[in-house]
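Let me begin by presenting the structure, written as structure tokens, before commenting on it.
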Amino acid sequence: DKVGPRTMAIFGAVLVGIGYVLLSRISAIWMLYVLFGGVIAFGFNAGFSHASTAAVANWFIKKRGRALGLYTLGAGVGGATMVPLIGWLISQYGWRPTVVIIGVGIWVVIIPLSLFLRHKPEQYGMLPDGELPAAEEPSRKAGVASSVSPTEIETEARPDEINFTWRETLGTSAFWLLLLASAARSIGMTSVVLHQVAYLTDIGISDVAAATALGFTVAMSIPGRIIFGWLGDKFDKRYVLIASYILQAIGVFILTNVQTIEQVYIFVVVFGFGYGGAIPVYIAMRGEYFGRKAFATIQGVMQMGLMPATIVGPIFAGWVYDTTSSYNIAFRLFIVLYFIGAGILPFIRRPTPKKRQPT
């Protein structure tokens, strides 16, 4: 929010690359925690997640859902293509040379691409969604070049846009309800994705088929991201999110009853589509409710609030399996949580910022 996405993306890429290269030299478990859980995780969140998401959110308002749907394809396509490639590199050369290749690859690919990132359209004499500034309209009609400066555009009011500071956001019920609804989804989503392969092999599906199904789950999220992103621009984002929650709940219900590989792929289609669809709509909804000015800061605060849910869910599922020799109780609870999250969403109202005293 302060220095822009380009600087943060380069910083993150440098840090993550260093982390992966050093990872090849580890000789103790504490080094793994420091490098993977510390250096790499910090660089990834600082430079990739926050920087690029904020850049997209700053350049689009009316078309934000579609833009974020296309943007999040990167994670889906990357997961579906790079994971098998990394697996092949490990099988051919071992994990130590592979992490060096990953680190150097991040430097070679991400740093040059980061140079193309731009912070806000107003800084370049433009407005979000490609709209023309009001002061430029007479020039356009006259067929002459615009003389509107970026400073003038920065101050141009957009009555349909609100901007909260992160502290103001914490004072709204919308933030906390959105956090609760997202936490309910995160518990189920992270747990199912992490335990999916173990669950399928436990019920008799082969290792290869289970791993392939996981890859297809990510692949099925790709059309979900595009379609739900488009729907989020056309309809109330709360109800679009509800649809994605229900699809994921249905998917988990199918998973708890699968017996054949054909049924596994029915789960993959339903769950993957809903899982992918929630991602751009959730991000776009946060931008719609709280604005662009502190978008990345608010995202960081909300992700910090979601962290307990993403940790507790998988641990709970593992504990249930260790205790009962089955995931069924955990998965059924996750279905309930999906519906609880869906039930919270209609009560979220777009907040109205308090009038600020002139300074």
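Here Arg118 meets the list (1) among the charged types (D, E, K, R); (2) touching a helix residue (DSSP H, G or I) at 6+ places or on another chain (Cβ under 7 Å); (3) modelled with pLDDT of 90 or more almost entirely, failing just condition (3). All conditions but one from (1) touching a residue at least 12 places away in the same chain (Cβ under 8 Å); (2) open to solvent by 60 Å² or more (accessible area, probe 1.4 Å) apply to Val16; the one that does not is (2).
In segment 311-352, which residue that is over 22 Å from the mean Cα position of the chain (by Cα), buried (at least 16 other Cβ atoms within 10 Å of the Cβ) and touching a residue at least 24 places away in the same chain (Cβ under 8 Å) is nearest to Gln248 (Cα to Cα)? Here the residue is Phe331. Under the condition of being crowded, with 24+ Cβ neighbours inside 10 Å and either more than 13 Å from the chain's Cα centre (by Cα) or closer than 21 Å to Leu132 by Cβ (or both), the residues counted in segment 57-73 number 3. Taken over segment 225-262, residues that are within 27 Å of Thr201 (Cα to Cα), surrounded by fewer than 21 Cβ atoms within 10 Å (Cβ to Cβ) and not hydrophobic (A, V, I, L, M, F, W, C) amount to 5.
If you check Ala278 against the conditions, is it out of contact with any strand residue (DSSP E or B) (no Cβ under 8 Å at 6 or more places or on another chain) and open to solvent by less than 10 Å² (accessible area, probe 1.4 Å)? Yes. Among the residues of segment 325-354, the ones that are out of contact with any Ser or Thr (no Cβ under 7 Å at 6 or more places or on another chain), polar (S, T, N, Q) and farther than 20 Å from Gly287 by Cβ come to 2 in all. Of the candidates Gly103, Gly94, Gly130, the single residue that is open to solvent by less than 60 Å² (accessible area, probe 1.4 Å), at pLDDT 70 or above, within 28 Å of Ser52 (Cβ to Cβ) and small (Gly, Ala, Ser) is Gly103. Filtering segment 238-270 to residues that are closer than 20 Å to Val208 by Cβ and in contact (Cβ under 8 Å) with a residue 12 or more places away in the chain leaves Leu255, Val258, Gln259, Ile261, Val264, Tyr265, Ile266, Phe267, Val268, Val269. Scanning segment 39-51 for residues that are open to solvent by 30 Å² or more (accessible area, probe 1.4 Å) and not aliphatic (A, V, I, L, M) returns Phe42, Phe44, Asn45, Phe48, His50.
Out of the residues in segment 184-204 that are of a type in the set (Val, Ile, Thr) and surrounded by fewer than 21 Cβ atoms within 10 Å (Cβ to Cβ), which is modelled with the highest pLDDT?
Initially, segment 184-204 is screened for residues of a type in the set (Val, Ile, Thr), giving 187, 190, 192-193, 197, 201, 203.
Filter once more, keeping what is surrounded by fewer than 21 Cβ atoms within 10 Å (Cβ to Cβ): 190, 193, 197, 201, 203.
On the way: Thr190: 89, Val193: 85, Val197: 83, Thr201: 84, Ile203: 82.
Of everything passing the filter in segment 184-204, Thr190 is modelled with the highest pLDDT.
Here is a check on your reading of the model: is Ala213 more than 25 Å from Val240 (Cα to Cα) and either modelled with pLDDT of 85 or more or of a type outside the set (Lys, Arg) (or both)? Walk me through it before giving the result.
Numbers: more than 25 Å from Val240 (Cα to Cα): yes; either modelled with pLDDT of 85 or more or of a type outside the set (Lys, Arg) (or both): yes.
Yes: the conditions hold for Ala213.
Hey, any hits in segment 1-22 for a residue that's farther than 27 Å from Gly229 by Cβ, modelled with pLDDT of 85 or more and among the aromatic types (Phe, Trp, Tyr)? Checked against the condition, which is being farther than 27 Å from Gly229 by Cβ, modelled with pLDDT of 85 or more and among the aromatic types (Phe, Trp, Tyr), segment 1-22 yields at least one hit.
Going by what's in this entry, would Val56 be described as in contact with a helix residue (DSSP H, G or I) (Cβ under 6 Å, 6 or more places away or on another chain), modelled with pLDDT of 90 or more and within 27 Å of Leu73 (Cβ to Cβ)?
Details: in contact with a helix residue (DSSP H, G or I) (Cβ under 6 Å, 6 or more places away or on another chain): yes; modelled with pLDDT of 90 or more: no; within 27 Å of Leu73 (Cβ to Cβ): yes.
No, not satisfied.
The values are calculated or read from the model by the stated rules, or taken from the named source; none is laboratory data. Treat the numbers as computed from the prediction; the structure is a model and nothing was measured. Cβ sites come from the backbone with ideal geometry, for glycine too, and all protein chains shown count toward neighbours. All accessible areas refer to the heavy atoms of the entire protein, side chains included, with ligands and DNA or RNA removed. Shrake-Rupley method; radii C 1.70, N 1.55, O 1.52, S 1.80 Å.
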